[in-house]
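Scroll down for the structure; my scribbles are underneath it.
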Amino acid sequence: MPLDNVVFWVFAPISVASAIGMLLVRNAVHAALFLIVNFFCLAVFFLLLDAPFLFAVQIVVYAGAIMVLFLFVIMLLGVDSDVPVRERLVVQRPLAFILGAAFVVELFLAIRAGVGFSTKAPDVFTANEAGNTQAVAKVLFTQYFFPFEVTSVLLLVAAVAAMVLAHRKASTVTQAEIDAAAAGSDADELPVYGAGATP
Amino acid sequence: MRTPVAYYLMLSGILFMLGTVGVLTRKNALLIFMSVELQLNAVNLALVAFSRLHDDLTGQVLAFFSMVVAAAEVVVGLAIIVAIYRRRRSVDVDDVRELRW
């Protein structure tokens, strides 16, 4: 059995299992940790697919920056577990699983018709010959230079948006905080479920 | 390259499906957000697999752009979740329904 096959069959079950774990676990921190495992598995697949630059970006940006941001927000909000679920749409959950299964079946048929289950990629990735990072940079800075520049505007807008959304004047107190203070409760404590729904 | 590309595509589809089920079944806005990240990553895997199949780097560049967009999306989305939490002391999506009508 060739080596890339072995690595694939080791990491594919781990990535699927960590995704399922993320779905089932109730604690938000545990879900984030499962997601980090999943991102590392995907990074390994990028390496197998001859994309070492994306492998590094995946680990640094996703498993590093984005998941740290997630964990930071989870810690900030103190959301340690799901609130008791009062189901509003009773059929939603089973329907989601049925539609998910239907999606996988449809995808299976589409891949069989489109790519075929025995099609293999060429043995040599000729586009990579001068080195993957160099090749990606060449494509990025010539053919896709305009989208690249637009991306910088997008990031600037996102940074400004985050500051606007998260900024709060010292004097501004929200209704929820007034209610919490009036009830004499601890600010960290969640109110009764649904109590915040009516302003 | 001995592993058929279809295996990667199938894996990517399964991960995308799991992310979709997460979006549809979870109530916590943060967990819904994590499921969206899972979906984005699954699509990235498909893009890189196609890039390898067609011996063309465009797929990798597109995956790179999608990572940038995902990072921007996470920043704005988490800021919105924090703003909602400040106002309502809850991140349950069922509590936020003023825009439903």
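Given the criteria facing another protein chain (nearest Cβ under 9 Å) and either loosely packed, with under 12 Cβ neighbours inside 10 Å or at pLDDT 90 or above (or both), does A:Arg112 qualify? Working first, answer last.
On the way: facing another protein chain (nearest Cβ under 9 Å): yes; either loosely packed, with under 12 Cβ neighbours inside 10 Å or at pLDDT 90 or above (or both): no.
No.
For A:Leu47, all conditions in the list (1) loosely packed, with under 15 Cβ neighbours inside 10 Å; (2) on the phi < 0 side of the Ramachandran plot hold save one; what is the number of the exception?
Failing condition for A:Leu47: (1).
Working only within the range B:27-64, note down all residues that are free of Cβ contacts under 8 Å to residues at least 12 places away in the same chain, buried (at least 19 other Cβ atoms within 10 Å of the Cβ) and part of a helix (DSSP H, G or I). It would help to see each step written out before you state the result.
Step one: list which residues in the range B:27-64 are free of Cβ contacts under 8 Å to residues at least 12 places away in the same chain, which gives B:31, B:54-58, B:61, B:64.
When the remaining residues are screened for being buried (at least 19 other Cβ atoms within 10 Å of the Cβ), the result is B:31, B:57, B:61, B:64.
Result: B:Leu31, B:Val61, B:Phe64.
Go through the residues of the range B:9-26 one by one and say whether even a single one is at the interface with another protein chain (Cβ under 7 Å from one of its Cβ atoms) and either assigned to a strand (DSSP E or B) or basic (Lys, Arg) (or both).
We begin by selecting, within the range B:9-26, every residue at the interface with another protein chain (Cβ under 7 Å from one of its Cβ atoms); these are B:9-11, B:13-15, B:17-18, B:20-22, B:24-25.
Now narrow it down to the ones that are either assigned to a strand (DSSP E or B) or basic (Lys, Arg) (or both): none.
Within the range B:9-26 (the criterion being at the interface with another protein chain (Cβ under 7 Å from one of its Cβ atoms) and either assigned to a strand (DSSP E or B) or basic (Lys, Arg) (or both)), the answer is no, since none of the residues qualifies.
Would you tally the residues in the range B:89-101 being within 7 Å of another protein chain (Cβ to nearest Cβ) and either hydrophobic (A, V, I, L, M, F, W, C) or surrounded by 21 or more Cβ atoms within 10 Å (Cβ to Cβ) (or both)?
Adding up the residues that qualify gives 4.
Could you grab me the full set of residues in the range A:44-79 that are at pLDDT 90 or above, within 14 Å of the chain's Cα centre (by Cα) and closer than 16 Å to A:Ile14 by Cβ?
A:Gln58, A:Ile59
Within the range A:122-144, count every residue that is free of Cβ contacts under 8 Å to residues at least 12 places away in the same chain and either within 23 Å of B:Tyr7 (Cα to Cα) or loosely packed, with under 11 Cβ neighbours inside 10 Å (or both). Spell out how you get there, then give the answer.
Step one: filter the range A:122-144 for residues free of Cβ contacts under 8 Å to residues at least 12 places away in the same chain, giving A:122-124, A:126-127, A:129-131, A:134-135, A:137-144.
Pick out the ones that are also either within 23 Å of B:Tyr7 (Cα to Cα) or loosely packed, with under 11 Cβ neighbours inside 10 Å (or both) and you get A:122-124, A:126-127, A:129-130, A:141-142.
Of the residues in that region, 9 qualify.
So, B:Val75, is that one in a helix (DSSP H, G or I), over 14 Å from the mean Cα position of the chain (by Cα), facing chain A (nearest Cβ under 7 Å) and without any contact (Cβ under 8 Å) to a residue 60 or more places away in the chain or not? It would help to see each step written out before you state the result.
Values: in a helix (DSSP H, G or I): yes; over 14 Å from the mean Cα position of the chain (by Cα): no; facing chain A (nearest Cβ under 7 Å): yes; without any contact (Cβ under 8 Å) to a residue 60 or more places away in the chain: yes.
Criteria not met by B:Val75.
Let's see how each residue does on (1) closer than 13 Å to B:Leu15 by Cβ; (2) buried (at least 20 other Cβ atoms within 10 Å of the Cβ); (3) of a type in the set (Asp, Glu); (4) outside the structural domain of A:Gly100 (by TED's automatic domain parsing):
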position	(1), (2), (3), (4)
A:Ala17	yes, no, no, yes
A:Met22	yes, yes, no, yes
A:Pro52	no, no, no, yes
A:Phe55	no, yes, no, yes
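The values are calculated or read from the model by the stated rules, or taken from the named source; none is laboratory data. No experiment lies behind these values; they were computed from the predicted model shown. Neighbour counts are summed over all protein chains in view; Cβ atoms, including those assigned to glycine, are modelled from backbone coordinates with ideal geometry.
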